[in-house]
1. Could you give the dipole magnitude of the chain about its Cα centre, charging the beta-carbon of Lys and Arg +1 and that of Asp and Glu -1, in debye to the nearest 20?
2. For n ≥ 4 DSSP H runs only, could you compute -39500 (n - 2.57) per run for the chain, divide by its residues and tell me the 222 nm figure to the nearest 500?
3. Quick check: residue separation of Asn79 and Glu61 times 0.36 nm, minus the Cα distance between them. What number comes out in nm?
4. How big is the antiparallel share of DSSP beta bridges in region 41-162, given as a percent to the nearest 5?
5. Between Ile125 and residues 5 or more places away or on another chain, which pairs have amide H atoms under 5 Å apart, with H built 1.01 Å from N, and which residues are they?
6. May I ask you to compute the full-extension gain from Arg5 to Gln36, defined as 0.36 nm times their residue separation minus their alpha-carbon distance, rounded to one decimal in nm?
7. With the calculation restricted to Cα positions, what are the radius of gyration and Dmax of the chain in angstrom?
8. Calculate log10 I(q)/I(0) of region 45-93 for q = 0.15, 0.26, 0.27 Å⁻¹, where I(q) comes from the Debye formula with a single equal point scatterer on each Cα and nothing for solvent.
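The values are calculated or read from the model by the stated rules, or taken from the named source; none is laboratory data. Since the structure is predicted, the reported quantities are computational estimates derived from the model, not experimental observations. In this analysis, Cβ positions are derived from the backbone assuming ideal geometry, glycine residues included, and neighbour counts consider all displayed protein chains. For the accessible areas, the whole protein counts, side chains as well, though only heavy atoms, and no ligand, DNA or RNA atoms are used. Shrake-Rupley method; radii C 1.70, N 1.55, O 1.52, S 1.80 Å.
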Amino acid sequence: MKDLRKEIEDIRRLLTAGAFRDEQHVRISLVTRICQALNWNVWDPTEYYTEYPVKQYPKNEVTAEYPGRVDVALILTENNPDTAEVFIEVKTPGKLQTEMQKGELQLQKYNFWDKSVISILTDGITWRFYLPSLSGAFGGMLFNQLNLLTDDPDQICHVMERVL
């Protein structure tokens with residue numbers, strides 16, 4: 001937890017300074033960093049898969065808004081190397097509130113075709129954790145939410161370590 005806490009504190013400093021300007025900054029310099037601190041092998045694309053193609057996603061539904069690819073998929077290769085355990089959909093910092101419905105719909109569509117155990121929607125600041133196996137509206141599948149700028153770093157670490 002010590003290493004993750006150190007990473008969270010440095011990410012908080014960078015978020016406060018406005019260093020993360022777009023979706024790619026969040027995905028590469030923030031999500032990847034947290035996953036690495038949680039012992040995911042971010043250099044192995046069979047475990048940390050960026051632009052993960054959703055299985056059986058209909059080609060006629062592929063659009064710029066819904067490209068049929070999850071920003072990051074985490075795969076436990078010892079369980080099932082062909083199935084993602086976690087989908088992480090990334091948005092631009094500070095944009096999650098305005099893009100919440102779109103992001104949830106995107107994850108809902110992806111989970112319809114290729115189920116993950118946990119789905120995460122984040123803009124780097126806010127992290128929303130969903131259980132796609134529950135029934136009902138995707139927003140109702142939310143089981144936890146974190147704010148990297150305001151929540152207690154120990155609580156952030158605790159949730160991240162338990163969930164990821």
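1. Dipole size: approximately 280 debye.
2. About -10000 deg cm²/dmol.
3. 3.5 nm
4. If we restrict to bridges inside region 41-162, about 75 percent are antiparallel.
5. Gly94
6. In short, 9.9 nm is gained.
7. Expressed in Å, the Cα Rg and Dmax of the chain come to 15.0, 46.
8. Treating every Cα as an identical point scatterer, log10 I(q)/I(0) equals -0.42, -0.97, -1.01.
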